[in-house]
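A.B. asks: Please read through the structure below; I'll follow up with questions.
The values are calculated or read from the model by the stated rules, or taken from the named source; none is laboratory data. Bear in mind that the values here come from a model prediction, so they are computed numbers and not experimental data. Note that each Cβ is placed from the backbone with ideal geometry, even for glycine, and that neighbours are counted across all protein chains shown. Side chains are part of the model used for accessible areas, which takes the heavy atoms of the whole protein and leaves out ligands, DNA and RNA. Shrake-Rupley method; radii C 1.70, N 1.55, O 1.52, S 1.80 Å.
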Amino acid sequence: MSNGINFAFLDEYAKREIRRSVLKAICIPGYQVPYSSREMPMGRGFGTGGLQLTLALIGANDTLKVIDQGSDDSVNAVNLRKFIEMTCPGIDTTTRLQEATLIQSRHRIPEQALRADQILVLQVPYPDALVIVEPSEDKRKVMHGEADYSRLLVKLYEDIVKFDEITISHRYPTRINGHYIIDPSPIPRYDVPKLHNSNALILFGAGREKKIYAVPPHCPAEPLAFDDVPFRIEDFTDNHGERRACKLCGSQESFLDEFIDEQGERVYQCSDSDYCEQQQELAHG
Amino acid sequence: MRGYGDVHPTVAELRVGYLPVMLPHPITGELTEAGEVLMTECEVVATYQGDDNKAAPTFTLGYGACFGHNEVKAISMAILDRALQKGMKDGPENPSEDPEFVLLHVDGIDSMGFASHYKMPHYVTFQSDMDRLRTTQQKQEANHE
Ligand SMILES: [Zn+2]
């Protein structure tokens, strides 16, 4: 590049290290691979882990989609997309899921199924599901190695005793390939089943905590639950027992954002803006 | 201090001054003075440490250095250095003796980076929180009826 910045900002050694960590993460599904996590020209906590994965994987023939809260227009998504476009000449960007080869996301997995030729990169604030029961990383590492998740199960059990419900709303602990339990990033519970037997490779990058992990394609992913207390996703039924619909596209199947409009009315709308647009296009022919 | 890793140090050295900045010369590679920078440096001596193996007790040292004229920061660093050394040796008994706790929370970039992230949108996770809150509230109400 003429301005002296390497393609995709990172130097080739940094990219190579990240790719090696990705390979290891794929080989040991759910295991948190430590990596050096370079300083990026934005604050830690703004998606630097996801960004480093994207920059290490992207090539000039890729088509990139970046979303935050399901939306391509959210501030974090716009900033990341601009930065990647600026440092990766030749790439295409899109808001349409079907056109993308590489998708970077914060807090959502797209509504529509991913394909085998797509990679989903998720930004991760807290990579370790055990952090709610054990503060020391040293000890957590041993617990993961031994698949000792008893304290996590006790936490769920205590929830049921206290509240008659598991109170974990998002970042729901999920067991990958029968061993490691991951923090699947702050996706809602609604998105957790999409990790199971996914067609696409799903990668997780935690920049501040310097970890990379993966749910490889066609890999079992089971949210932690009990035989008699099943895992449950968010409930969008109204008082009459009807599934709420998106006010824009009418979908009764999507994850909804709830807000109060200018008339003071409570309204619901798809969180995945691309899905919502495609549903509206279908409806209008 | 205050029971979370008791170190009351004796300040052995506390000084402020300019230090030369040495850089390799672009052509010869020889170290060359490029300027100077204001630094504060501190060394503390803390209470002696015995040893379970009956070794002779000794005083222990802690060291801190920082840019600018900032004595409190240098002393604090020296105390933390001493506390961390004890933690490394005997295992941390207090947060101040735990390197994972101290180094990841005291570092400006690491700690500030995450606090500033809270200003980003969180409506998906908040929606999810609302779902849990409403469900547990409904169940509580049903239990009271
Ligand atoms: Zn919609």
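A.B. asks: Running a GNM on chain A with Cα contacts under 10 Å, which residue among A:Gln263, A:Gln98, A:Gln52 ends up with the highest mean-square fluctuation?
C.D. replies: Among A:Gln263, A:Gln98, A:Gln52, the largest mean-square fluctuation in the Gaussian network model of chain A belongs to A:Gln263.
A.B. asks: Given the protein chains as shown and a 1.4 Å probe, how many square angstrom of A:Asp138 are accessible, to the nearest 10?
C.D. replies: 120 Å²
A.B. asks: Round to the nearest 10 and report in Å² the accessible area of A:Ile160, as given by a 1.4 Å probe over the protein chains' heavy atoms.
C.D. replies: Result for A:Ile160: roughly 40 Å² accessible.
A.B. asks: DSSP loop trypsin sites (Lys or Arg not before Pro) in the range A:56-143 with at most 15 other Cβ atoms within 10 Å of their Cβ, which ones? List each step's numbers first, then the result.
C.D. replies: Numbers: sites: A:Lys65, A:Arg81, A:Lys82, A:Arg96, A:Arg106, A:Arg108, A:Arg115, A:Lys139, A:Arg140, A:Lys141; in loops: A:Arg96, A:Arg108, A:Arg115.
When the trypsin sites (Lys or Arg not before Pro) of the range A:56-143 are filtered for loop state and at most 15 Cβ neighbours within 10 Å, A:Arg96, A:Arg115 remain.
A.B. asks: How high is the relative contact order of chain A, given as a whole-number percent (alpha carbon pairs under 8 Å, six or more residues apart)? Write down the numbers at each step before the final one.
C.D. replies: Numbers: 559 pairs, mean separation 59.4, N = 285.
Dividing the mean separation by the residue count of chain A yields 21 percent.
A.B. asks: Averaged over B:19-30, how many beta carbons belonging to a partner chain fall within 10 Å of each residue's beta carbon?
C.D. replies: Details: counts 0, 0, 0, 0, 0, 0, 0, 0, 0, 0, 0, 0.
What the average comes to for B:19-30 is 0.
A.B. asks: What ³J(HN,Hα) values, in whole Hz, does the Karplus curve 6.51 cos²θ - 1.76 cosθ + 1.60 give for the range A:180-187 when θ = phi - 60°, with x put for Gly and Pro?
C.D. replies: So the J values, rounded to whole Hz, are 5, 9, 10, 8, x, 6, x, 7.
A.B. asks: Assuming a ≥ b ≥ c are the square roots of the Cα gyration tensor eigenvalues, decide whether the range A:1-134 counts as rounded (a/c under 1.5), prolate (otherwise, with a/b larger than b/c) or oblate.
C.D. replies: Note, shape of the range A:1-134 comes out rounded.
A.B. asks: Then there's this: The range A:48-67 to the range A:242-285: how many Å between their Cα centroids?
C.D. replies: 29 Å
A.B. asks: Moving on to the next point. Please give every one of the lysines within straight-line cross-link reach of A:Lys162, meaning a C-alpha to C-alpha distance under 18 Å, and leave out same-chain neighbours fewer than 8 residues apart.
C.D. replies: B:Lys139
A.B. asks: Can you give the net charge of the other residues whose Cβ lies under 15 Å from the Cβ of A:Cys88, counting K and R as +1 and D and E as -1?
C.D. replies: On the way: positive: A:Lys15, A:Lys65, A:Arg81, A:Lys82; negative: A:Asp11, A:Glu12, A:Asp62, A:Glu85, A:Asp92.
Within the 15 Å Cβ shell, the charges total -1.
A.B. asks: Can I ask one more? Gap in Å between the Cα centre of the range A:168-206 and the Cα centre of the range A:1-46?
C.D. replies: Cα centres, the range A:1-46 to the range A:168-206: 21 Å.
A.B. asks: Taking beta carbons within 10 Å but only from partner chains, what does the mean come to for residues A:135-141?
C.D. replies: Values: counts 4, 4, 2, 4, 0, 0, 0.
Across the residues of A:135-141, the mean count of other-chain Cβ atoms within 10 Å is 2.
A.B. asks: Using modelled backbone amide H atoms (1.01 Å from N, in-plane), which distant-in-sequence or interchain residues come within less than 5 Å of A:Asp257's amide H?
C.D. replies: Those qualifying (amide H under 5 Å, at least 5 residues apart or on another chain) are A:Gln269, A:Cys270, A:Ser271.
A.B. asks: Quick one: give the max-minus-min coordinate of the C-alpha atoms of the protein assembly as shown along each principal axis, largest first, in Å.
C.D. replies: Extents along the principal axes: 79, 66, 48 Å.
A.B. asks: Could you work out the helix-only [θ] at 222 nm for chain B, with each DSSP H run of four or more residues adding -39,500 (n - 2.57) and the total divided by the number of residues, to the nearest 500 deg cm²/dmol? Present the calculation step by step, with values, prior to reporting the outcome.
C.D. replies: Details: 4 runs with 60 residues, N = 145.
Mean residue ellipticity at 222 nm (helix-derived): -13500 deg cm²/dmol.
A.B. asks: Keeping every protein chain in place, order B:Thr40, B:Thr135 by accessible area at 1.4 Å, biggest value first, i.e. largest first. Walk me through the intermediate numbers first.
C.D. replies: Working: B:Thr40 0, B:Thr135 25 Å².
Listed by decreasing accessible area, they come as B:Thr135, B:Thr40.
A.B. asks: Just reorder A:Tyr126, A:Tyr172, B:Tyr118 by solvent-accessible area, largest first, 1.4 Å probe, all chains present. All intermediate terms of the calculation are to be shown ahead of the outcome.
C.D. replies: On the way: A:Tyr126 70, A:Tyr172 5, B:Tyr118 130 Å².
Most to least solvent-accessible, the answer reads B:Tyr118, A:Tyr126, A:Tyr172.
A.B. asks: Moving on to the next point. So in the range A:12-223, what percent of DSSP beta bridges are antiparallel if you round to the nearest 5? Write down the numbers at each step before the final one.
C.D. replies: Working: 14 of 30 bridges.
Restricted to the range A:12-223, the bridges split so that about 45 percent are antiparallel.
A.B. asks: Find out how many positive minus negative residues lie around A:Ser251, taking Lys and Arg as positive, Asp and Glu as negative, among other residues whose Cβ is under 12 Å from that of A:Ser251.
C.D. replies: Values: positive: A:Arg243, A:Arg244, A:Lys247; negative: A:Glu111, A:Glu253, A:Asp272, A:Glu277.
Spelling it out: positives minus negatives among the neighbours equals -1.
A.B. asks: Here is a follow-up. Which lysines does A:Lys141 reach when only Cα atoms under 27 Å apart count, and residues fewer than 8 places away in its own chain are ignored?
C.D. replies: Correct list for A:Lys141: A:Lys15, A:Lys24, A:Lys155, A:Lys194, A:Lys210, A:Lys211, B:Lys86, B:Lys89.
A.B. asks: Which residue, A:Pro230, A:Pro220, A:Pro29, has the most motion in a Gaussian network model of chain A that connects Cα atoms within less than 10 Å?
C.D. replies: A:Pro230
A.B. asks: Continuing with the same structure: Please report the antiparallel percentage of DSSP beta bridges with both residues in the protein assembly as shown, rounded to the nearest 5.
C.D. replies: Antiparallel: roughly 75 percent of the beta bridges in the protein assembly as shown.
A.B. asks: Then there's this: Please report the projected area of the range B:10-144's Cα convex hull averaged over all directions, in nm². Present the calculation step by step, with values, prior to reporting the outcome.
C.D. replies: On the way: hull surface 69.7 nm².
Projected area, direction-averaged: 17.4 nm².
A.B. asks: So for B:Met112, B:Met120, B:Met130, what's the accessible-area order with a 1.4 Å probe, most first?
C.D. replies: On the way: B:Met112 130, B:Met120 15, B:Met130 50 Å².
Final ranking, largest accessible area leading: B:Met112, B:Met130, B:Met120.
A.B. asks: For chain A, set up a GNM with springs between Cα atoms under 10 Å and report which of A:His107, A:His240, A:His218 has the largest fluctuation.
C.D. replies: A:His240
A.B. asks: Can you give the local net charge around A:Ile67? Use residues other than it whose beta-carbon is closer than 10 angstrom to its beta-carbon, Lys and Arg +1, Asp and Glu -1.
C.D. replies: With Lys, Arg at +1 and Asp, Glu at -1, the net is -1.
A.B. asks: Sort A:254-262, B:88-96 by packing, meaning the average of other beta carbons within 10 Å per residue, with the highest value first.
C.D. replies: On the way: A:254-262: 15.9, B:88-96: 14.2.
In decreasing order of mean packing, A:254-262, B:88-96 become A:254-262, B:88-96.
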